[in-house]
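Structure first, commentary second.
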Amino acid sequence: MKFKIQISPKETTEMTLKEIADLHIKTIATGAMNQAIFSKGKGNRDFFYERKLIPEKIKKKITWTKLSKEELLEAGFKKWSEESGVLLCPTYLWDLIPEGTRIYSILEWKHVIKTEKMKMETVMNCLPYGFKK
């Protein structure tokens, strides 16, 4: 499945969830450095635009609960166990999932994302929440 994402003020492209995840990792990893350079007038404006707006744009485009197991695994989700079917969300994708999305915990309890009330501990480099497939 491809999603239409505006990646700069003048450019829109179609991306898979894996490509979005890779872009998001890149923007997180280099964002602070680029923001410091940008604030001195020497940075890449398009990259700054990506870092600032990609999460909000993606939240509006992706219906996370409708993605296939294969798409989630390719983007970095990990199986909690074979029995449970819960795929845990990697920490770098958490801010792309909007509040109000229905998710499962590792105990298979249903939750609705409320960022300020969620425990942010990690398991296998993922949060103890994800989607059941």
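The values are calculated or read from the model by the stated rules, or taken from the named source; none is laboratory data. Remember, it's a predicted structure, so these values are computed and weren't measured experimentally. With ideal geometry, Cβ positions are generated from the backbone for all residues, glycine too; neighbour counts draw on all protein chains shown.
Tabulated data for the structure shown
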quantity	calculated
Residue in segment 39-56 that is at pLDDT 90 or above, surrounded by 14 or more Cβ atoms within 10 Å (Cβ to Cβ) and in contact with a Leu (Cβ under 9 Å, 6 or more places away or on another chain) present	no
Out of I7, I25, I62, I97, sole residue that is modelled with pLDDT under 85 and surrounded by 15 or more Cβ atoms within 10 Å (Cβ to Cβ)	I7
Enumeration of residues in segment 67-106 that are of a type in the set (A, V, I, L, M) and either in a strand (DSSP E or B) or touching a Ser or Thr at 6+ places or on another chain (Cβ under 9 Å) (or both)	A75, V86, L87, L88, I103, I106
Flag for E19 being under 16 Å from L96 (Cα atoms) and at pLDDT 55 or above	yes
Residues (surrounded by 14 or more Cβ atoms within 10 Å (Cβ to Cβ) and among the polar types (S, T, N, Q)) located in segment 65-83	none
